[in-house]
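Undergrad: Starting off with a structure, shown below.
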Amino acid sequence: MRIPLKLLILLYFLSIPTFSQSQSEAPKENTANTMTYQETLNRLYIIRNNFEAYYNKYHYPIAFPEVKNFISRYEFPYKKIVDRHFNPPVPFESCLGQFQSSYMAKPSAEERESARRYQEMSNADCNRRNQVLALNKSEEIQQDAVQKEWRRSNCKNPDILALIDFYNFLQKNDKIYKSCLELQEPIDEVNFIRSIKIKIFDLIREPVIEFPKEFKNLTEEENRYVRAIYKISLELLTEYGNFESYYESLPVIENPLYIKHDIIFEVIYPRERYNKIIYLYNDINNHKYSLLLDELHRGSERGNELNKDNKKLLTEIKLANNRIVNNKYISMNNKKQFNQLLLCLDNFSEKHLERISLAYYSGLFKKYGTSEYTPANKEGISKDFFEIVNLFNNNFYNSKLLELRLINRLQNCDMVRQLPYEEVSFKKIIKNSCVLNERYGNDCESYEK
């Protein structure tokens, strides 16, 4: 049974002692450290179940690095979620163990000890098998990286080599170069070219950002879920897609789960369409939750260290913007908006930069600050390949999605810049989190002093 991502994380959160519990358990000999620990726990206790609702309501690009100290064991980084989409996960065994129940009403101490030892041995064997699986997977990845150039040198067909290089540029997957050793006959090459073109077109097509509001073949409840799927997908693309975490996971392409809305058509007719729609809805929701979680605890503690991180990011943003200005595919209007956004970020006060994170904006600049794609060697490559690359460059740098992303970040930056920095102080964040959930009200009183 698949356990929802939010449930896993929240189950771990529930194991963290509450503020009142930590008060009784904290060391009494070090009052200053105790108070700091209690305050951190109290902050987390208030915001841990509300951070998604908080961001969705206020859209403040806050940094909350304390979170990573408490959820690292059950964290689901966005990169791993994206990787699982392209690469099936290693089939690890569950080592939780099944204790053997005794038919005796009262097993003896010796029988209980024997069962315990048996269980320990079973778990140890299971863990060893999983370690072997993980090691084999790691070695396979390393081998693909090491042998990439040698395999690449075996691609004698310039069209095939160009397509493989381009596919690797899009998806960053070195195992594709194994194909250079496997194509023995002319028919193999023809079939491979057809199949890799289909994969490439699937990755580079322009995202669908308009969607029917109603499907006649679906029930009203199914249609509600479908509308929610589209709404969340659009939000992920136009807002969350500007985050540094999104860029690091998908530097060139968009997440296929958010742009392949025709998947809805695939789940209309099967008998279990309702379950498939629910699964897709939950999957996209988990993506949103994880992406925000990754971004939320980036960087250093708020204050001078976070300010330094932001200044470094701002330098990277300016370099990316210089490349954007020189990109022949990006429209003049979009370039003008990039410059406006950069000016807005550059005008944040020092106090703002001690409380918010520019990583909520930097992914947009870095993604479109990449140079347009050109093949390493143009000799012998057919005209068809250059048409594919030109299609990618047009869809990537000159799309409606880019316009929506720019509008989203411009509006957000303008909102934050005009707010007094006190509005994005942690005291204010705590207060607003309490408003979202009244049962935390008593814990918020100390922040009013």
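The values are calculated or read from the model by the stated rules, or taken from the named source; none is laboratory data. Quick caveat: nothing in here was measured; it's all calculated off a predicted structure. FYI the Cβ positions are ideal-geometry reconstructions off the backbone, even for glycines, and counts take in every protein chain you see. Ligands, DNA and RNA are stripped out before the accessible areas are found, and what is left, the full protein with its side chains, is counted by its heavy atoms. Shrake-Rupley method; radii C 1.70, N 1.55, O 1.52, S 1.80 Å.
Undergrad: Output the number of the condition that Ile187 fails; it satisfies all remaining conditions of (1) exposed (fewer than 14 other Cβ atoms within 10 Å of the Cβ); (2) in contact (Cβ under 8 Å) with a residue 40 or more places away in the chain.
TA: Exception for Ile187: condition (2).
Undergrad: Of all the residues that make up segment 96-113, how many are among the small types (Gly, Ala, Ser) and either at positive phi or modelled with pLDDT under 80 (or both)?
TA: Residues of segment 96-113 among the small types (Gly, Ala, Ser): 97, 101-102, 105, 108-109.
Next, only the ones that are either at positive phi or modelled with pLDDT under 80 (or both) stay: 97, 101-102, 105.
Total satisfying the criteria: 4.
Undergrad: Looking at segment 231-265, which of the residues that are at pLDDT 90 or above and farther than 30 Å from Lys312 by Cβ is farthest from the chain's Cα centre (by Cα)?
TA: Per the stated criteria, the residue is Lys231.
Undergrad: Which of the residues that make up segment 338-352 are closer than 16 Å to Met415 by Cβ, open to solvent by less than 50 Å² (accessible area, probe 1.4 Å) and either modelled with pLDDT of 95 or more or in a helix (DSSP H, G or I) (or both)?
TA: Hits for segment 338-352 are Leu341, Cys344, Leu345, His352.
Undergrad: Can you list the helices (runs of 4 or more DSSP H) lying wholly within segment 115-224 that have 1 or more residues being hydroxyl-bearing (Ser, Thr, Tyr) and more than 30 Å from Asn394 (Cβ to Cβ)? Walk me through how you get there before you give the answer.
TA: Values: elements: 148-153, 158-171, 179-182, 186-204.
Here the list reads 148-153.
Undergrad: Open to solvent by less than 10 Å² (accessible area, probe 1.4 Å) and at pLDDT 95 or above - does that describe any residue in segment 281-301?
TA: Within segment 281-301 (the criterion being open to solvent by less than 10 Å² (accessible area, probe 1.4 Å) and at pLDDT 95 or above), the answer is no, since none of the residues qualifies.
Undergrad: So, of the residues in segment 153-171 that are open to solvent by 30 Å² or more (accessible area, probe 1.4 Å) and touching a Cys at 6+ places or on another chain (Cβ under 7 Å), which turns out to be modelled with the lowest pLDDT?
TA: Asn154
Undergrad: If I go through segment 378-436 residue by residue, how many of them are closer than 13 Å to Pro61 by Cα, of a type outside the set (Ser, Thr, Tyr) and not in a helix (DSSP H, G or I)?
TA: Residues that pass the stated criteria total 1.
Undergrad: Just checking, which of Lys318, Lys335, Lys328 is surrounded by fewer than 21 Cβ atoms within 10 Å (Cβ to Cβ) and in a loop (DSSP other than H, G, I, E, B)? Break it down into steps so the answer makes sense when it comes.
TA: Working: Lys318 fails: in a loop (DSSP other than H, G, I, E, B); Lys335 fails: in a loop (DSSP other than H, G, I, E, B).
Answer to the selection: Lys328.
Undergrad: Could you please let me know if Asp202 is open to solvent by less than 80 Å² (accessible area, probe 1.4 Å) and over 23 Å from Leu250 (Cα atoms)? Outline the logic, then answer.
TA: On the way: open to solvent by less than 80 Å² (accessible area, probe 1.4 Å): yes; over 23 Å from Leu250 (Cα atoms): no.
Spelling it out, it is not the case that Asp202 is open to solvent by less than 80 Å² (accessible area, probe 1.4 Å) and over 23 Å from Leu250 (Cα atoms).
Undergrad: Take Lys308 and decide whether it is in a helix (DSSP H, G or I) and open to solvent by 30 Å² or more (accessible area, probe 1.4 Å).
TA: Values: in a helix (DSSP H, G or I): yes; open to solvent by 30 Å² or more (accessible area, probe 1.4 Å): yes.
When the stated conditions are applied, Lys308 passes them.
Undergrad: Looking at the structure I just gave you, is Leu237 in a helix (DSSP H, G or I) and over 27 Å from Pro375 (Cα atoms)? Outline the logic, then answer.
TA: Values: in a helix (DSSP H, G or I): yes; over 27 Å from Pro375 (Cα atoms): yes.
So Leu237 passes the test.
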